[in-house]
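Take a look at the structure below.
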Amino acid sequence: MDHDTLRALLEWQIELGADEAIGDAPVDRYALGDSPPARAPAPRPAPPAASAAAPSAPVSEDPVIAARQAAAAAADLAALAEAMAAFPHCELRRGARNCVFADGRAGARVMVIGEAPGRDEDLRGLPFVGRAGQLLDRMFAAIGMGRELPDTGRALYITNILPWRPPENRRPTAAECAMMLPFVERHVELAAPDVLVLMGNTPLQAILGGGGITRRRGIWSRALGLPVLPMFHPAYLLRTPSAKREAWADLLSLQARLRGDG
Ligand code: URA
């Protein structure tokens with residue numbers, strides 16, 4: 001093939017979203033059949049000594065029911081990470097390099113829930129490690145909190161609604177969120193935070209439903225038995241620096257709530 005033909009083929013692939021090499025050798029996915037490749041669970045958080053695996057029970061064909069069953073059967077965070085990595089119904093897993101489970105300290109008072117991994121998160125297997133994640137770290141550092149801090153009162157535990165990167169970082173669909181929500185709910189139950197922070201519209205819609213983030217940010221409500229604070233997503237703040245003023249107000253509101261005077 002000549003240079004121009006090769007270039008045209010490459011450009012066509014990029015237009016289709018195949019913009020990244022994820023392996024050294026080509027894989028004929030039509031020859032693989034329906035079973036998705038096995039993926040290792042995210043490296044963190046460190047699992048408790050023995051992970052309680054799901055007892056075998058009939059698995060539903062309905063993705064949401066199957067997710068609910070798999071999530072309910074996970075007795076600890078390590079088992080939940082395994083169950084999510086093995087969950088076959090979400091097509092996104094086929095294009096993702098890693099199942100991104102969580103980062104930070106399980107047991108932290110604050111659990112942050114974002115949308116879905118982007119390119120950096122997919123590569124590293126950890127949530128919020130790209131530019132938006134770095135801003136998220138700086139935002140919480142401004143109120144003395146961080147994912148690496150040992151004290152659970154100041155630590156963060158961070159996850160997303162979806163554990164797999166959507167192609168070309170598109171918005172997750174409502175169906176994808178509904179399918180993975182039972183895992184998020186179980187995740188919250190097992191991590192047992194005092195407060196949830198929802199970063200942006202996707203977790204807001206998935207967990208609280210109703211109006212958009214611009215109207216609801218900064219307004220506390222309750223879901224999953226916990227106080228919930230919706231905030232602007234840090235990726236939005238990178239695009240709209242003027243909205244950092246509202247984000248700062250929300251962080252102060254979180255800080256006051258944690259101190260017991262909010
Ligand atoms: N945006 C998210 O919502 N989550 C991530 O993990 C990264 C970027």
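Here are the numbers for this structure:
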| quantity | calculated |
| --- | --- |
| Surrounding net charge for ARG257, when Lys and Arg each add one and Asp and Glu each subtract one, Cβ distance under 15 Å | +2 |
| Rounded Å value of the spacing that divides the Cα centres of the range 150-195 and the range 223-253 | 16 Å |
| Computed lengthening from THR173 to LEU252, 0.36 nm per intervening residue step minus Cα-Cα distance | 25.3 nm |
| Accessible area (Å², per residue) of the range 166-262, counting only protein heavy atoms and a probe of 1.4 Å | 46 Å² |
| Antiparallel DSSP beta bridges within the range 63-259, as percent of all bridges there, nearest 5 | 25 percent |
| Between the range 55-104 and the range 113-128, the alpha-carbon center distance in angstrom | 17 Å |
| Amide proton proximity set for ARG171, modelled H, under 5 Å, gap of 5+ | none |
| Summed residue charge, Cβ within 15 Å of SER242's Cβ, Lys/Arg positive, Asp/Glu negative | +2 |
| Computed over the range 63-259: relative contact order in percent, which uses C-alpha pairs under 8 Å that are six or more apart | 24 percent |
| Model label zone, GLU148; criterion: amide N under 20 Å from point 7 Å along Cα-to-beta-carbon; scope the range 90-122 | 101-112, 120-122 |
| Carbon + sulfur, % of accessible area of the range 63-259 - ligands and nucleic acids excluded, 1.4 Å | 51 percent |
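The values are calculated or read from the model by the stated rules, or taken from the named source; none is laboratory data. The shown structure was predicted, so the numbers you read here are calculated from the model rather than taken from an experiment. All Cβ positions, even for glycine, are placed from backbone atoms using ideal geometry, and neighbour counts span all protein chains on display. We work out accessible area using only protein heavy atoms, side chains counted, and drop any ligands, DNA or RNA first. Shrake-Rupley method; radii C 1.70, N 1.55, O 1.52, S 1.80 Å.
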